[in-house]
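Peer 1: Dumping the structure here so I can ask a few things about it.
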Amino acid sequence: QVQVVESGGGLVQPGGSLRLSCTASGTIFSRYVMGWYRQAPGKQRELAALIRSGTITTYEDSVKGRFTISRDNAKNTVFLQMNSLKPEDTARYYCNARLGVLDFWGQGTQVTVSS
């Protein structure tokens, strides 16, 4: 069983920045496809950003140019740098680790963008 733990959420004003971190246990972290998903109240969970092994990344259209996903395989950690935050970015952000049929989720971290 892989344990996935997120951190770094909080309250930030519009236009501000936050950096989320996610650590996944195990020895094959570098092989996992790591993703950040988010779920706002009353809405379905959606993909925000994804990073495959290496540096291949995918972003949801509304976060392109503002969010950057990266990973440090030596530390089993994936990051989501979020800049120019908007109120509509308010959501619970979940980290996902996926390898084939293996699929692991963290408990999420709350991001609230409000003045």
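The values are calculated or read from the model by the stated rules, or taken from the named source; none is laboratory data. These numbers were taken from a predicted model, which means no experiment stands behind them. Surface accessibility is based on the protein's heavy atoms, side chains included, excluding ligands, DNA and RNA. Shrake-Rupley method; radii C 1.70, N 1.55, O 1.52, S 1.80 Å.
Peer 1: How high is the relative contact order of the chain, in percent, counting Cα pairs under 8 Å that sit 6 or more residues apart?
Peer 2: 37
Peer 1: Accessible area per residue, 1.4 Å probe, Å², for the chain: what's the number?
Peer 2: 53
Peer 1: May I ask you to give the percent of accessible area on the chain that is carbon plus sulfur, with a probe radius of 1.4 Å?
Peer 2: Of all accessible area on the chain, carbon and sulfur atoms account for 48 percent.
Peer 1: Quote to one decimal, in nm, the extra length available between residue 81 and residue 114 on full extension: 0.36 nm per residue of separation minus the C-alpha distance between them.
Peer 2: 10.1 nm is the gain from fully extending residue 81 to residue 114.
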